[in-house]
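Contents: one structure, followed by commentary.
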């Protein structure tokens, strides 16, 4: 049996309400019973048709529970401004779809005309019901409307790094975008790692994606792949390249290392210079670990902020660098660099 996510079990859909409640009952906070056929899905629903929650299997499972127990968590709808007597779904499209499959004629509903398209996204993000691509599409639409990344982050209850990371999904190299859209890559961090790798070696990235078509690409797999690219890059150096510091080629330096002798005065002096004793009470290099709206990162001490009260933070999970207000930054600890 397939493993179900929290939104696909239908555990929130029990009970059978079969009669209309009058308008006054609805006003008292009780749901109304609306005809299923008088309700339309939201054309701007953030969850797309290929979302796992909309799969035939997932809807069938939910429909089975509705047949047995009915719908007890009402859907939220708003009045359709263009068609009197019809409604558009705010929240609960899965319950509405499953009710139709279950043969239900009516569904319990609350009417909520105070609605924005951010509401659906916020609810689904908190319940992990949206794919990264669906979140990216919503963020892209908001950016196109002129809403800033910081405003979007505030509305969604997420960090600016979260918004930046997902916005990057809208402008991917074709091969990565194709794998992402097909579901071979679901992890946003993996996508960003592959984009970095693509800048380094696009042919190898394309080859990797072709060889793993239809399979999930994990963080550990990408880590090994990045190490492979780094090794490949270092092996490309011409052994006859002359070193700017000692005037010798790599092959000559290798021979000298084998002989255990180096005629270069600068190198000899460096080798003969005794190491200074380190003070155990001092850091050679300190790294400031911080937290911003629940996400951990490190303070970039070498990057000048645009104004007083701001600082640059590099987030550990994404590698994204953001200039942020220090009022919202919490210092976690200092570590040795």
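List of remarks:
- Three-way shape call for the range 30-113 based on the alpha-carbon gyration tensor, with the a/c threshold at 1.5: oblate
- Between residue 84 and residue 170, the C-beta separation translates, for a Förster distance of 51 Å, into a calculated FRET efficiency of about 0.85.
- Ranked 331, 111, criterion: other C-beta atoms within 10 Å, fewest first: 331, 111
- Max-minus-min Cα coordinates of the range 284-334 on each principal axis give 28, 24, 19 Å, with the largest extent listed first.
- For the range 117-233, a/c is not less than 1.5, where a ≥ b ≥ c are the root eigenvalues of the C-alpha gyration tensor, and a/b tops b/c. That puts it in the prolate class.
- Label point at residue 332 placed 7 Å out along Cα→Cβ; residues across the range 291-320 whose backbone nitrogen lies under 15 Å: 291-300, 313-320
Throughout, read-outs are computed from the coordinates displayed, never taken from laboratory work. Nothing here was measured: the structure is a model prediction, and the numbers come from that model. Heads up, the Cβs are rebuilt from the backbone with ideal geometry, glycines too, and the neighbour counts pull from every protein chain shown.
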